[in-house]
1. Sort out which residues of segment 1-20 are in a helix (DSSP H, G or I), free of Cβ contacts under 8 Å to residues at least 40 places away in the same chain and of a type outside the set (Asp, Glu), and write them in order of number.
2. Just name the residue that is nearest to the chain's Cα centre (by Cα) out of those in segment 74-108 that are surrounded by 14 or more Cβ atoms within 10 Å (Cβ to Cβ) and of a type in the set (Val, Ile, Thr).
3. Filter segment 74-116 for residues that are touching a Ser or Thr at 6+ places or on another chain (Cβ under 8 Å) and among the hydrophobic types (A, V, I, L, M, F, W, C); which is nearest to Gly15 (Cα to Cα)?
4. Quickly run through segment 4-21 and pick out the residues that are among the β-branched types (Val, Ile, Thr) and surrounded by 12 or more Cβ atoms within 10 Å (Cβ to Cβ).
5. Looking for something surrounded by 12 or more Cβ atoms within 10 Å (Cβ to Cβ), within 21 Å of the chain's Cα centre (by Cα) and free of Cβ contacts under 8 Å to residues at least 40 places away in the same chain - is there at least one such residue anywhere in segment 35-46?
Amino acid sequence: MEEVFKQWTSYLSSGIEAAAGVIIAIAAIEATWRALAIFFVRPAAPDNAKESVRLRLARWLAVALEFELAADILRTAIAPSWDEIGKLAAIAALRTLLNYFLEREIEQNASRQREGAVRDPARTP
């Protein structure tokens, strides 16, 4: 029974990791498409349009990081050696830091946009 659980958990973690890969791929394609549109169709686009593309990609990368962390947690659940737990802790810490800074940057951008809208109410967001 334990082997069945380990095998099922292994498949599940691989599926979650694959989902993270799909999210990253789709986000990268979307970001590339939007960036090309900004650079070639509207070359005089304002900086906030370019930043919007980058931050949208960052949001999706943050989602993918959460999926990757979930897959790592599942893998550690089936092989809980101290070495594996240490690796998970390091990976979780790095991904949490990346997520924290991505979220902070997203919030700062949203705050700048709100301040700009307050200063210039006629401006469309």
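1. Scanning segment 1-20 gives Val4, Gln7, Trp8, Tyr11, Gly15, Ala18.
2. Of everything passing the filter in segment 74-108, Ile106 is nearest to the chain's Cα centre (by Cα).
3. Residue satisfying both the conditions and the ranking: Leu74.
4. Thr9, Ile16
5. yes
Values quoted throughout were computed directly from the atomic coordinates according to the rules given, and no laboratory measurement underlies them. Everything quoted here is computed from the prediction, not taken from an experiment. As a convention, Cβ positions derive from the backbone with ideal geometry for all residues, glycine included, and neighbour counts pool all protein chains shown.
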